[in-house]
Amino acid sequence: MIIFTEHMKTIFRHCLLLLAIAAFVGCASTPLPEAESPVAKTYVRACGSCHVVYRPEMFTAGMWRTVVDRMDREMTRRQRPMPAATKQEILDYLQRNAGTR
């Protein structure tokens, strides 16, 4: 079992805060690919209502499948399931614009 001191917890919280700020700045500083497309707007509306909208190139196509499947399970658990067609449309958009590594 790992025991964290208060100092270690404070450092960890600061690191998380810095990562969150970096993610927000990185996600918000440039427009999304296909920003004016209906699917990009659907992605922002569906995913951005709960958390920062991540840039598609942050993950590979395979990673996006895992992320979207996980979020689909979470939203179903919260009794806010996404229609299968919308999920697939968002996944197609993310994979089309995904990073390569």
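The values are calculated or read from the model by the stated rules, or taken from the named source; none is laboratory data. Note that the structure is a prediction, hence the values are computed from the model and not measured. Reconstructed Cβ throughout: ideal geometry from the backbone, glycine too, with neighbour counts over all protein chains shown.
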(request) Within segment 29-38, identify whether any single residue is modelled with pLDDT under 95, in a helix (DSSP H, G or I) and under 20 Å from ASP92 (Cβ atoms), and answer yes or no. (result) no
(message) Just to verify a result, which residue in segment 73-98, among those that are hydrophobic (A, V, I, L, M, F, W, C) and assigned to a loop (DSSP other than H, G, I, E, B), is modelled with the highest pLDDT?
(response) ALA98
(message) Of all residues being under 18 Å from LEU32 (Cβ atoms) and of a type in the set (A, V, I, L, M) in segment 62-101, which is surrounded by the most Cβ atoms within 10 Å (Cβ to Cβ)? Just the residue, please.
(response) LEU94
(message) Residues to consider are ARG101, ARG70; find the one that is modelled with pLDDT under 95 and on the phi < 0 side of the Ramachandran plot.
(response) ARG101
